[in-house]
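Everything on this sheet refers to the single structure shown next.
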Amino acid sequence: MKHPLNVTSEIGELKSVVLHRPGKEVENLTPKYLERLLFDDIPYLPAVQREHDYFADVLRNRGVEVLYLEKLMEEALKTDELHQQFIDQVLNESKSNLNGSRQTVEEYLHSFSTDEMIRKVMSGVLKSEIEPEKKVHLHELLDDYYPFFLDPMPNLYFTRDPAAVIGNGVSLNKMCEGARKRESLFMDFIIKHHPRFSQHDIPHWYDRDEYYPLEGGDELVLSREVIAIGVSARTSAQAIEKLAKRIFARNGTIKKVVAVEIPKLRAYMHLDTVFTMVDHEKFTIHHGIEGPNGNMKIYILEKGMDPDTLNISERSNLTQTLKEVLGLQELVLIPCGGGHEIAAAREQWNDGSNTLAIAPGVVVTYDRNYVSNDLLRKNGVEVIEIPSSELSRGRGGPRCMSMPIYRKDL
Ligand SMILES: NC(=[NH2+])NCCC[C@H](N)C(=O)O
């Protein structure tokens, strides 16, 4: 039986991808909770869905199999036992908001069919949804002025982050921000229980119950031998070490993990917001991540003498390091917004460097980043633009909105 996961590069022809179409969860955003829920504005639901459908159609038209997170999840929860197990886990991980109403919320979730229950968990449960007569305890009756029993998960359409496929294994991520911690539950259940995956040997390079945070936007598969991981606002050095050791212990093809430190800023939250691969020797970059003279802190991790050690060596120049680890003579870095002081900052904020490669030299990008898109074309890249007025409000681009599970080997 063919293994269901295969990602040995960022640019190999994309065959299967997991997306999430934004749903009611984005309508549960209000100004008061925007910052905590990691949004800068409230997307208009019909428009954000139209844009997302356009994105999915672009992929399908290019022969990519588009899988939806909630559909996979519904297919995974086939028994009553799994249904119950999922509800239990969601409630356990949402404990602080339940206000003593665990049983009430549990009964409420059980009143839905599996697909509706999954959508409910994603969109959040408002206290006002549950009939007052079901509230029996004083603390339930008292208003604590917080509207949710279960917080909405508006960032779910960024399927890149909670889990990432590397080789034929998965990194089930420990999300850094409270607002996103529960998101990785879905892929965890899918990998364990969906028939497409459950029959296979799928190594876990990381797990969601680890202590140190690691997010998929920081994980880039540069080649069969090399992965790059951002040391960022969301991903810690300790997590990178742990993942590297697990990967090396498996003795597969990956020999190097390149840790790239980037400034810990909201605008640059993950490595893929400032750096993505578009072709064998072409990358987008936002120069704001480089220090004076283009210097950066880059470390190459390799297998040490015994399973518990790593050899770590330092580098300072991104171009040189990429040439070295990828064995390239030439390398082109395509600057976001052409490196112009205003255009670069504006387009980076709207994910101008965040490209999703669907084949070598073919990328999907947001239409609004026209300076970056023109420059990509001038560098011989085929650029497929998608509408982005609403999608971009969540601060993520086409790469963030996709979780490739199968790419053709280069
Ligand atoms: N891979 C990415 N760059 N993802 C972007 C995620 C954006 C999301 N609002 C967050 O703050 O987490």
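Identify, among Ser113, Leu59, Asn97, the residue whose Cα sits farthest towards the positive end of the charge dipole of the range 1-148, taking +1 on the Cβ of Lys and Arg and -1 on the Cβ of Asp and Glu, with the dipole about the Cα centre. Final value for the positive-end residue is Leu59. Using only Cα atoms, locate the centre of the range 193-220 and the centre of the range 251-306, then give the distance between them in Å, rounded to an integer. The range 193-220 and the range 251-306 have Cα centres spaced 21 Å from each other. Going by neighbour counts of Cβ atoms within 10 Å, the residues Phe275, Phe39 line up, fewest first, as Phe39, Phe275. In straight-distance terms, cross-link reach from Lys32 covers every one of the aspartates and glutamates whose alpha-carbon lies under 19 Å from its own, apart from those fewer than eight places away in the same chain; here that gives Asp40, Asp41, Asp143, Asp144, Asp151, Glu177.
Counting only Cβ charges, +1 for Lys and Arg and -1 for Asp and Glu, the dipole size of the chain around its Cα centre is about 700 debye. Annotation: amide H of Tyr366 within the under-5 Å range of Ile386, sequence separation 5 or more or interchain, hydrogens built in the peptide plane. Annotation: the antiparallel percentage among DSSP beta bridges lying fully within the chain is about 60.
Test of understanding: express the Cα radius of gyration of the range 95-150 as a ratio to 2.2 N^0.38 Å, with N the residue count.
Here the Cα radius of gyration is 1.08 times the empirical estimate.
Remark: the range 95-150 carries a charge dipole of roughly 180 debye about the Cα centre, counting +1 on each Lys and Arg Cβ and -1 on each Asp and Glu Cβ.
For the range 214-273, a Kirkwood hydrodynamic radius built from all Cα pairs, placed in the Stokes-Einstein relation at 37 °C and 0.692 mPa s, yields a translational diffusion coefficient of 285 µm²/s. Based on Cα contacts under 8 Å between residues 6+ apart, the range 95-150 shows a relative contact order of 51 percent.
By the beta-carbon count within 10 Å of each Cβ, the least crowded to most crowded order of Glu13, Glu324, Glu314, Glu183, fewest first, is Glu314, Glu324, Glu13, Glu183.
Using equal-weight Cα scatterers in the Debye expression, the normalised intensity of the chain in log10 at q = 0.12, 0.13 Å⁻¹ is -0.94, -1.10.
Would you mind ranking Glu215, Glu131, Glu385, Glu225 by Cβ crowding within 10 Å, fewest neighbours first?
Final ranking by Cβ density, sparse to dense: Glu131, Glu225, Glu385, Glu215.
Here, each number is a calculation from the coordinates, and none is a lab measurement. All figures in this text were calculated on a predicted structure; none of them were measured in a lab. Neighbour counts are summed over all protein chains in view; Cβ atoms, including those assigned to glycine, are modelled from backbone coordinates with ideal geometry.
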